1. Is it the case, given these coordinates, that Arg197 is farther than 16 Å from Asp108 by Cβ, of a type in the set (Lys, Arg) and free of Cβ contacts under 8 Å to residues at least 60 places away in the same chain?
2. Can you give me the ranges of the strands (runs of 3 or more DSSP E) entirely in region 44-159 with at least 3 residues that are in contact with a Phe, Trp or Tyr (Cβ under 9 Å, 6 or more places away or on another chain) and at negative phi?
3. Would you mind telling me which numbered condition in (1) over 17 Å from the mean Cα position of the chain (by Cα); (2) not in a helix (DSSP H, G or I); (3) not charged (D, E, K, R) Leu226 fails?
4. Does Glu90 satisfy the criteria of being of a type outside the set (A, V, I, L, M) and either more than 23 Å from Ala152 (Cα to Cα) or crowded, with 20+ Cβ neighbours inside 10 Å (or both)?
5. Given the structure, is Asp98 assigned by TED's automatic domain parsing to the domain that holds Ala188 and free of Cβ contacts under 8 Å to residues at least 24 places away in the same chain?
6. Could you grab me the full set of residues in region 186-199 that are out of contact with any Ser or Thr (no Cβ under 8 Å at 6 or more places or on another chain) and aliphatic (A, V, I, L, M)?
7. In this structure, does Arg121 turn out to be at pLDDT 95 or above and either more than 29 Å from Lys192 (Cα to Cα) or surrounded by 24 or more Cβ atoms within 10 Å (Cβ to Cβ) (or both)?
8. Of everything in region 140-179 that's in contact with a Gly (Cβ under 7 Å, 6 or more places away or on another chain) and at pLDDT 80 or above, which residue is farthest from Cys210 (Cα to Cα)?
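The values are calculated or read from the model by the stated rules, or taken from the named source; none is laboratory data. This structure is a prediction, so every number in the text was calculated from the model and none was measured. Quick reminder, even Gly has a Cβ in these numbers, built from the backbone with ideal geometry, and neighbours come from all protein chains shown.
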Amino acid sequence: MTPAAGTTVADRFRLVRPLRQGGMGSVWLAQHIGLDIPCAIKFMHAQGVSKEVRHRFEREAKVAAQIRSPHVVQILDHGVWKGTPYIAMEYLEGEDLDTRIQRVGRLDPHDTMAITAQVARALTKAHAAGLVHRDLKPANIFLVKDDDREIAKVLDFGIAKDSTPKVTSNTKTGSLLGTPAYMSPEQAQGTKSIDHRSDLWSLAVVVFECLTGKLPFDSQAFGDLLLKIMVRPLPVPSQLAPVPPGFDAWWARAASREPDARFQSAREFCDALAVALDIASDSIEPRTSLTGTFRAPGDRISVEIGFTPRSQEGATLLDAGPDSAAPSFGDAATLVASSEAEVERLSANPGHTVAS
C-alpha cells in the first residue's frame, strides 16, 4: 500500500504530508487521531528489501521504546499496515546536530557541553539496559526547539546491539555496522564483542567535530580511513582550531584505541569533559540557536550509494541498506596488524561490505 495524504493508518494515524522520500522508504507528518497530536511516521517499502533490513526496522522501534529518557525519541507505535512496515514516533521541531555544524561551523564549548551531557544521559539509560547504539553521529542527534532552550534527542537505534550475556547477537565477526568516520577501532575491525565504550568513542568524535568543525578521521579512501582510526597518530585538536587548554588531554584519553584506557562510563566521560572545558557542571543549560528551520526525525533520508564517511551521507535505516553497493574490504580483524599496502589491497577486495 502506498501512503497518501488523508489516508488513515492502522485506525490511529491520519497522514498529512510527506516529509521526505527515500530509496527504501518515506517519512510522513501525521496526526494521531485519538490523542490529537502531530507525529512522524516512517514507512519502509514493502518490496525490494532484505529480511535483515526489515528486522532492523522493527528493532529500531522496539529498542528505542525500551529506553525511558527525555533524550531518546519517543516511539508511539509500530507494525505492518497493509503489507507496509511502519514506525510512529513523536514529531520533533528543530534540526539535527550535523545540520547545525554545517550551518554554523564550530560550536562554542558551552553549547557543546550542553548537547554532550544530554546525549550522555540517553546513553547512560541505554547502556544500563545493556544496549550499545553503534551508530552515534551528529545526524542521529536531534536538537529540539523547546521555548527558549533546546533538548538533544538520540535517534535511530536500528543497529543497536544487546550486550547482555544472555543475548546472542546475529552480527557476524568481520561485518561492519555503522558510519565509518564515527566507528571505534573495535567496531571498525568488525569485532563482535563491542560494548558501551564503543559508543563513548563515537561520542568523543562528535565532541571533537563540534569544537573544531572538522572530523578527526576523514578520508575518501576507505582503507586510509580505517588506518587513521586504528593505527595512525591521533590528531591534536589544538592544532586544528582554538580549543580550551584541557581538551587535547581529554581527547587523547577519550579516543584511546584500548577500551580499558578510555572513560568507562558516560558519566565519567562528561565529568572529565566539563573539567577540560572549564565549565561548572551545575551551569550546563542548553541554549537555543535555532533559526526557524523545523524538521522531523528521519527528514534527512539520503539515497547516496558508495563510501561516504561523513554523517549526513552515512546510511541510516531508510538509506542504502546492506544490499546496496558499498565500500568493500577484506578481513577487518587483521587491519591493525597490516601494513598500509596490505590495507590498500584489502580495501579493494569485494569479500565484505559495510552494512548500515
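1. No; evaluated as a whole, the condition is false for this residue.
2. Counting at least 3 such residues, we get 75-81, 84-90, 149-154.
3. Every listed condition holds for Leu226 apart from (2).
4. For Glu90, the condition - of a type outside the set (A, V, I, L, M) and either more than 23 Å from Ala152 (Cα to Cα) or crowded, with 20+ Cβ neighbours inside 10 Å (or both) - is not met.
5. In short, no.
6. Of everything in region 186-199, just one residue is out of contact with any Ser or Thr (no Cβ under 8 Å at 6 or more places or on another chain) and aliphatic (A, V, I, L, M), namely Ala188.
7. Judged against the criteria, Arg121 is not a match.
8. The residue in question is Lys145.
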